[in-house]
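See structure below.
Derivation of every value follows stated rules applied to the coordinates shown; laboratory data play no part. All figures in this text were calculated on a predicted structure; none of them were measured in a lab. We place every Cβ from the backbone using ideal geometry, glycine too, and count neighbours over all the protein chains shown.
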There are 2 protein chains.
Amino acid sequence: MVASLFIIKGTLNNMNDNASNGDDPMADIKSNVINAKSAAIMLSAADTKAKDNALNAMADALDASRKKIIDANEKDMSAALKMKEAGELTDSMVKRLIVNNEKMDGMIAGIKDVIKLKDPAGETMSTMELDDGLTLYQIRCPIGLIGVIFESRPDVVPQVMSLCLKSGNAVVFKGGKEASNTNKAIFDVLSEAAYRTGIPKGSFCLMETREDVSAILEMDGQIDLLIPRGSNEFVRYIQSNTKIPVLGHAAGICHVYVDADADTEKALSVSLDSKIQYPAVCNAVENLLVNKAIAKAFLPKMVELFVNNGVEVRADEETIGIVGKDKVKKAKTADWDTEYNDMIISIKMVDSLDEAIDFINKHGSKHTDSIVTENMRNALRFSELVDSSSVLVNASTRFSDGFRYGKGAEVGISTNKVHSRGPVGMEGLMIYKYVLVGNGHIVKDYAGKNAKKFKHVAIDKDFKL
Amino acid sequence: MVASLFIIKGTLNNMNDNASNGDDPMADIKSNVINAKSAAIMLSAADTKAKDNALNAMADALDASRKKIIDANEKDMSAALKMKEAGELTDSMVKRLIVNNEKMDGMIAGIKDVIKLKDPAGETMSTMELDDGLTLYQIRCPIGLIGVIFESRPDVVPQVMSLCLKSGNAVVFKGGKEASNTNKAIFDVLSEAAYRTGIPKGSFCLMETREDVSAILEMDGQIDLLIPRGSNEFVRYIQSNTKIPVLGHAAGICHVYVDADADTEKALSVSLDSKIQYPAVCNAVENLLVNKAIAKAFLPKMVELFVNNGVEVRADEETIGIVGKDKVKKAKTADWDTEYNDMIISIKMVDSLDEAIDFINKHGSKHTDSIVTENMRNALRFSELVDSSSVLVNASTRFSDGFRYGKGAEVGISTNKVHSRGPVGMEGLMIYKYVLVGNGHIVKDYAGKNAKKFKHVAIDKDFKL
C-alpha cells in the first residue's frame, strides 16, 4: 500500500513450507509457483518508492544487458527461421520474435512509462462510518498472483512484469518454446535487478519451456488471474481449459453501422480507416452494416474506395443490387461470423437501426462497434443497446486500445462481462479489500431489543491507523 | 441507463429467432434462457422510473397474493416434513422453507428497500478527452443475465429479482425441488406484476424443477454470472462444474488474532461475540490465535467464558499447558481447517504477529479475519498482509455482511480475487462499457509522420449525446 510503514524486509516465517522438491517432475514448478504466491503477499504491501526503485533498476539493467539479450535472441531467431522454412512458424510469428536495439529501446521506454503511472495499491476507494468509532474502509489492493501465457513476443516480459510490479502483483510467465532463450535472458536480467533492490525473492517466476502449459492452467489454487497473449485459438484454448479467471478476448468481430442519418463523408472515412489502418488486429472492422435509406448514396462510393485500396468486398444480395456484381463477391453465411484480420470486408444492408443493433449483438464479439450518424437519438440508442465493451459514435473502431484510451499501458482487451471490460490498464490487476476498524465493537449490541442503530454515513476520509 | 430516452417499448426485431421449441427436452429451457438474454438487452436500457414502477407493482402484487403463496407453501411444507422424517431434509432446511405472513412482510419490505437504492446503471464513472471533439466515457451498466441457483429459502426470489431489476439485469432462477410450489407462486406473481408495467417479457425466467441443475451450469454462452445460495458443498459443486463466473464463497473459516498488545477485555468480548452471536453462519470465528506474550493473562478467562457459554474448546498443546486439560479437548490437525458452523472453537498460541498472519493466509478462506490490538503498527501490518476480503481491527467478525456494511441488500459474500470481494451489494451486478464519441475521427491521423497527438485529459463531464 502506498502509505505502508513496512518496506519489504525478507519474507514471513514459514511462508514457503508448502514448497517441495521431491521426485515429482511437477514439484519444481509447483514449488516456484507456491513461492510466488507467498512473495505476492509481501509484494502487495510494498510502498511506491520501493517499487519505483526496482523499476528504475530494471530499466538500467536492460540497457546494460543489450548484448546478452540480443545474443540469446539470435539463437531463437536461427531456430525460428528453420521452423518457418518447415512451415511450423508463420512469418508474423517470426517477426514478433526479433529483439534488436530498437526493440530494446521500446522495452526500456515502456518500463519508464510505468514508473510514471500512479500506484493504485492502497488507495481508499470509499469510507463509511457504520457507527461511532466503527469505520469501514474499502481499499484498492493487488489481485495477488497473475499468470501470463504468451506466444513469441518476448517484449511481453518487461511490459507485464513492470505493470505487475507497480501494482503489487506477483507474476508467473509461461512463454512459447520459439522464444525460450530470449525470454530467459530478459527475465533473468529483470528479476535479478528487482531482487537486488529488495523486491521479495520469488515474486517473478518463469516456467521452463519443457513444462507443459497445462501445468499453469491447473494451478487454480495459486494463480488468481490468467492473461493470455496470442492468437484467438490460443486464447480460446486457455479459456476452455482452466478454472482460473481469464482476462482477454478470443475474437474481434467489429462492426461499423452507417445510419440513415450519417454524414456520408464521415461514414466513408471512418469505415475505410476501421478496415485498412491496420487490418491484422482485433479492433479492425469486419462487417459493415448500411441503412437502406442511405445505401444508394453511400455504397457505390464506399465499395469503390475499398476496392481502390485493395480491400476485397463480400456483400449481401441487396448491396450487390446497388453496386453491381463486378467489384464484389457474394457473402456466404459464414462471412458474417468471420474475423478476417485481413484486407477483406463484408457489407450488409439493414432496414433499421434496431436491425443493426440486433445483428451486432448476435454476430459481434462484444469487442468494438461503431455507429456513424448525425442523429444523436440514434447514437444514444445504439450506445445503450449494443452490448459491447466499446461502443463508438462517429469514430474509427481502431481507437479502442489501451494506448489511445490513455491507459499508459495495456494489460489486454477484455470482452468479459465481469471484472474488467474493454481495453484494460493496470486497473485490471487490482481488486479491493474491506478494512473495518472498531474499538472492541460487537454485533450483540446491534441485535435484539434495545439494539443500537447503524449510522451508515459515507465520509471523506482516507484509511489511516 | 438513468438518462435513457427510450423507455422500454417491446423488443427488438428478430431478437428471439434463435429460440426453438423442438423435441429436445432441453429446447424449452434453452429457448427461455435465450429469451431472457434478449430481454436483458432491453432491460439494461430501462430508466429508473420504469424500474421503480415495476418494483412498486411487485410489492403490491405480493401483498395481494399472500393467500395464494402461503397455500402453495403448505404443499411444499407437508412434503418437506415427510422428507425430514425420512432424513432427506435437515431441520434448518425445513425452517428456511416456511413462508408465513411475517416472512411475506419481510419480502415486501425488502422490495421497498430496493426501490430506495440508487440506480447504478448509466452512471458516468470517468470521462477523458482524448483529443478535441473525441471524448471517452466509461459508463456503468448491468452485467446482463444473472443465473441464481438456490436451495430451500423461497425469499431468494423476491430479493434477487428486485436487485437484478433495479440494476437492469435479467435473471434466471433454478430453485430446489423442496420449494418448487412456493417458488413458482412467488415467481409468477412477481414477474406478471413487472411485465404489466412494461418490463420486457422474458426478463425473468424460472427453471422447472424437473430440469437438472447441469442445464443452467452449461449455458456459459448465455449466462454472464452465477450466484449460488446454499451450503458450502452446494457452492463448491457449482464452482467446480461451470465455466460461468461464480460469485460467492464455499467456506467461511474466520480467525480472531489476539495480539501481544491487545486490551484483554476487548479481546474477550470480540472473541466471544465472533463465536456465539450466531455460530451457524459463515462469518462466525472458527480459529482463535493468541500471542504467547498475552496468553497467560488472557487464555484462562477466555476459555472459562467460552465454556460457560456452552462453547466446546479444542486447543493446541501450548494452550492446554496454560488452561489445563479439564475444560478443553486437544485439537487435531484437521481442526485448523474446519468450518464448524457450531458452538465449537479451536485455539492456538502463536509466537508472533507474522506467525498469525501466515497461519491465517494458509488456513483461512479469505473471508473475514480480525485482530485485537492497541498497537496500530501491528494492526496496519495485519490489515496489509492478511489476504482476506474483510480484515477487521478490534471488531467482531460477525460485522462482515451486506446489511451491516450499509449495502442495503446483499447479493452474497465473495471470496473471489476478481470482480467483487467481501459482502457484495448491487455493485456486484454491474460492469461498465466504454462509449467513445467523435466527429468522424480516424486513427490514420494519429499515426506516422505529422501524427496528431492525443490530449488524454480527465474531465468532469457526464455522458450526454
Exposure proxy ranking, count of Cβ atoms within 10 Å, fewest first, for A:Val372, B:Val189, A:Val99: B:Val189, A:Val99, A:Val372
Taking the Cα-to-Cβ direction at B:Met125 and at B:Tyr278 and moving 7 Å from each Cα, how far apart do the two end points lie in nm? 3.0
With a 10 Å radius around each residue's Cβ, average the other Cβ atoms per peptide and rank A:442-453, B:168-179, B:400-411, highest first. B:168-179, B:400-411, A:442-453
Taking the Cα centre of segment B:167-293 as origin, sum charge times position over the Cβ atoms of Lys and Arg (+1) and Asp and Glu (-1), and report the length of that vector in debye to the nearest 20. 320
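In what order do A:Ile69, B:Ile459, B:Ile199 fall by count of nearby beta-carbon atoms within 10 Å, going from fewest to most?
B:Ile459, A:Ile69, B:Ile199
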Whole-Å semi-axes of segment A:27-240's equivalent ellipsoid (Cα gyration tensor): 33, 20, 15
Shortest-first distances to equivalent copies, position B:Glu427, nm, label 7 Å out along Cβ: 1.3
So what's the angle, to the nearest 10 degrees on a 0 to 90 scale, between helix A:66-85 and the longest Cα principal axis of chain A? 40
Please report the residue of chain A with the smallest beta-carbon distance to the A-to-B rotation axis, and give that distance in Å, no decimals. A:His419, 2
Listed by chain and number, the residues whose amide H is under 5 Å from that of A:Val350, excluding neighbours fewer than 5 places away on the same chain and using placed H, are A:Val290, A:Asn291, A:Lys292
At 222 nm, what helix-only mean residue ellipticity would chain B give, in deg cm²/dmol to the nearest 500, using -39500 (n - 2.57) for each DSSP H run of four or more? -12000 deg cm²/dmol
Helix B:27-44 vs. chain B, principal-axis angle (Cα, 0 to 90°, nearest 10): 80
What does the average come to when, for each residue of peptide B:419-425, you count the partner chain Cβ atoms lying within 10 Å of its Cβ? 4
Residue exposure sequence - A:Met93, B:Met302 - by fewest surrounding Cβ within 10 Å: A:Met93, B:Met302
Full extension between B:Asn450 and B:Lys332 adds, at 0.36 nm per residue less the Cα distance, a length in nm of 35.2 nm
Among the listed pairs B:Lys37/B:Lys75; B:Lys301/B:Lys329; A:Lys243/B:Lys417; B:Lys95/B:Lys184; A:Lys433/B:Lys116, which have their C-alpha atoms separated by more than 24 angstrom in this model? B:Lys37/B:Lys75; A:Lys433/B:Lys116
Testing the spin-label approximation: label points 7 Å from Cα along Cα→Cβ at B:Ala86 and B:Glu427. State their distance in nm. 4.6
By its C-alpha gyration tensor, with a ≥ b ≥ c as the square roots of the eigenvalues, how is chain B shaped: rounded for a/c under 1.5, else prolate for a/b larger than b/c, else oblate? oblate
With a/c under 1.5 counting as rounded, go ahead and sort the protein assembly as shown into rounded, prolate or oblate using the C-alpha gyration tensor (a ≥ b ≥ c being the square roots of the eigenvalues; past the cut-off, prolate if a/b is larger than b/c, else oblate). oblate
Along Cα-to-Cβ, 7 Å out, sits the label point; list in nm, shortest first, how far the one on B:Asn56 is from those in the other copies. 6.2
Once a ≥ b ≥ c are taken as the square roots of the eigenvalues of the Cα gyration tensor of segment B:307-465, is the result rounded (a/c under 1.5), prolate (a/b larger than b/c) or oblate (a/b not larger than b/c)? prolate
Cα radius of gyration and Dmax for segment B:381-465 (Å): 21.4, 63
Obtain the nm distance between the two label points defined at A:Glu374 and B:Ser352 by a simple spin-label model: each point lies 7 Å from its Cα along the Cα-to-C-beta direction. 7.3
Positive-pole candidate from A:Met107, A:His456, B:Phe150, dipole of the protein assembly as shown, charges at beta carbon: A:His456
Of all DSSP beta bridges with both partners in the protein assembly as shown, the antiparallel percent, nearest 5, is 30
Does a label point 7 Å from the Cα of B:Lys118, set along Cα-to-beta-carbon, have any residues of segment A:125-160 with amide nitrogen under 13 Å, and which are they? A:126-128
If the label for A:Ser126 sits 7 angstrom from Cα along the Cα-to-Cβ line, what are its distances to the same label in every other copy, in nm to one decimal, shortest first? 1.8
On average, how many beta carbons from a partner chain sit within 10 Å of the beta carbon of a residue in B:442-451? 5
Nearest 10, in degrees from 0 to 90: the angle of helix A:264-276 to the longest Cα principal axis of chain A is 60
